[in-house]
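One structure is given here, and the rest of the page talks about it.
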Amino acid sequence: MKPPKTRVDPPRFVTPLTPVNLPVRRCPVPREQASHRFLVVLPGALGDIMMGSVILPALRDRYPDAHITWLTHYTAQEAIEANPYVDEILIWDGMYWKRKVRTLAWFPWFKAMLVFRGELRGRNFDTFISLQADEWPSLALGSGANVKIGVFDTFRRFFGDRKTSGYTRFYDHSFAFPDLPEHRIDQYLLSLDALGIPKPADKRITLGYTQEDRAAADRFKAANGLDPGEPFVILVPMTSWYTKCWSGDRFVALGNTLARRGYRVVLSGSPKEAEAVRTLAARFEIPPVVVAGELCFRASAALIDDASLVVSGDTGPMHAAVALETPYVALFGATSPAWYGPLAGRGMVLQHPVPCGPCDRKQCANTGDKFLLCMNLLTVEEVTNAALRVLECA
């Protein structure tokens, strides 16, 4: 089941899918009869969406008959569209609006925004929660909600607080640097403070997949000779930032060792990374199974649910392994596990302190021997020992 190529353009509302791996807890009454109507906005990456899901169980526990709508970008919708707490999903194409601005199509942009605001107001949201409040703050005003809550991006610490301080006026309750806690999940949970909801002690993220996703993962396993119950390890060699990538040569060495220990090796990645992953697979002693580009993210999650171990950098599959309680080894370099790392699950996090990091940047400013020093300090022996230790304890 390959991921569909979808472009949304104007925003549209869709009904969430029903997960098979999680109990569904959705609004028991029609939206118009719900006690509260929440609009949660987080148009980020897959990992951001999964970390943001920590607020949903607390919202549902406090308001069992509330209607919860989640706005996200179409490229990350799979991280939320089978969430058991969400009643409706608003799929947003941020590039649609940026294209209008870039081509100076101000009138079409303004007209489309007015239509969109009208749709939001027509749904009578009581509470607007933006977990990425410095993106599209005008939606806070356009929502028509009585209570508007904004959690601002900690990246402002690198660029000053001018942007953050300017946008807080759009919200009734705003949480901005330097008052934010360190971890992204703890930052998202601040939105509950404004509603008087206690923060949950359990900070596990929520990720669902459907019966169709389960079937697609099983078909993929059968087609590639992965027998039911056969132990296999998923390696994720790519990330969206090269500063978060461990060396391909080292992934090959790790995979060869695990294969010699009797584990089937599966190489994962996004559709854009599929060609690079297949090139890397050709260098293994024992050919691995390549899932990159073959399954959608939800079906890949079902595959991760069956895995004995996931070894990954700071990227979506790492968060999926944490959510599904699959053992993991997480490799951190440019980003910090204190900001984005697992707060639950069964696994190990590896990172070496370096003078220049964690820098949280897509580009490495170093050259020569210090280029990508943070990732290069993670040796094959160290990661292999961690993987074997986690496998033994699982």
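Worth a mention:
- Here the contact order of the chain, divided by its residue count and restricted to Cα pairs under 8 Å and six or more residues apart, works out to 15 percent.
- Using θ = phi - 60° in the Karplus curve 6.51 cos²θ - 1.76 cosθ + 1.60, the 3J(HN,Hα) couplings for the range 123-137 round to 8, 6, 5, 7, 10, 10, 10, 9, 8, 9, 5, 7, 9, 6, x Hz; x is entered for Gly and Pro.
- Rounded to whole Hz, the Karplus (6.51, -1.76, 1.60) HN-Hα couplings of the range 355-369, x for glycine and proline: x, 8, x, x, 8, 6, 10, 6, 10, 7, 7, 8, 9, x, 5
- Unit charges at the beta carbon, dipole of the range 12-193: most positive-side option, Gln33, Leu59, Ala105: Ala105
- Mean Cα-pair separation over length for the range 24-143, i.e. relative contact order, pairs under 8 Å, 6 or more apart, %: 32 percent
- CD proxy at 222 nm, helix term only [per DSSP H run n ≥ 4: -39500 (n - 2.57); per residue of the chain; nearest 500]: -10000 deg cm²/dmol
- Full extension of the chain between Glu392 and Arg117 yields a length gain of 93.6 nm, computed as 0.36 nm times the residue separation minus the alpha carbon distance.
- Amide H partners (placed H, <5 Å) of Lys148, local residues excluded: Phe128, Asp172, His173
- Computed from label points 7 Å out along Cα-Cβ, the spacing between Phe13 and Asp227 is 5.1 nm.
- Sorted fewest first by neighbouring Cβ atoms within 10 angstrom, Glu273, Glu392 come out as Glu392, Glu273.
- In the structure shown, the pairs Lys111/Lys148; Lys148/Lys362; Lys244/Lys272; Lys111/Lys362; Lys148/Lys244; Lys111/Lys272 are assessed against 28 Å; a Cα-Cα span above that value is assigned to Lys148/Lys362; Lys111/Lys362; Lys148/Lys244; Lys111/Lys272.
- Using a Gaussian network model of the chain in which every pair of alpha carbons under 10 angstrom is joined by a spring, one finds that among Ser191, Ser268, Ser138 the greatest mean-square fluctuation is at Ser138.
- Residues whose amide H falls under 5 Å from that of Val290, counting only those 5 or more places apart or on a different chain, are Leu267, with hydrogens built in the peptide plane.
- The ranking of Asp153, Asp193 from fewest to most other beta carbons within 10 Å of each one's beta carbon is Asp193, Asp153.
- 3J(HN,Hα) along the range 45-54: 7, 4, x, 4, 4, 5, 5, x, 5, 5 Hz, from the Karplus curve 6.51 cos²θ - 1.76 cosθ + 1.60 with θ = phi - 60°, whole Hz, x for Gly and Pro.
- For the range 7-84 and the range 199-258, distance of Cα centres in Å: 24 Å
- Ranked by the mean number of other Cβ atoms within 10 Å of their residues, highest first, the peptides 168-175, 353-360 fall in the order 168-175, 353-360.
- Taking Ala76, Ala274, Ala330 as the candidate residues, the one with maximal mean-square fluctuation in a Gaussian network model of the chain, Cα springs under 10 Å, is Ala274.
- The range 274-386, relative contact order in percent, only Cα pairs under 8 angstrom and at least six apart counted: 18 percent
- Around Met50: net Lys/Arg minus Asp/Glu count, Cβ-Cβ under 13 Å: 0
- Euclidean distance between Cα centres, the range 104-157 to the range 262-295, Å: 40 Å
- Residues Val349, Val329, Val311, sorted so that the one with the fewest Cβ neighbours within 10 Å comes first: Val349, Val329, Val311
- Charged-residue dipole, Cβ positions (Lys, Arg, Asp, Glu), the range 211-393 about Cα centre, Debye nearest 20: 280 debye
Every read-out reported here was derived from the displayed coordinates using simple, explicitly stated rules and does not represent laboratory data. All values derive from a computational prediction rather than experimental measurement. Neighbour counts are summed over all protein chains in view; Cβ atoms, including those assigned to glycine, are modelled from backbone coordinates with ideal geometry.
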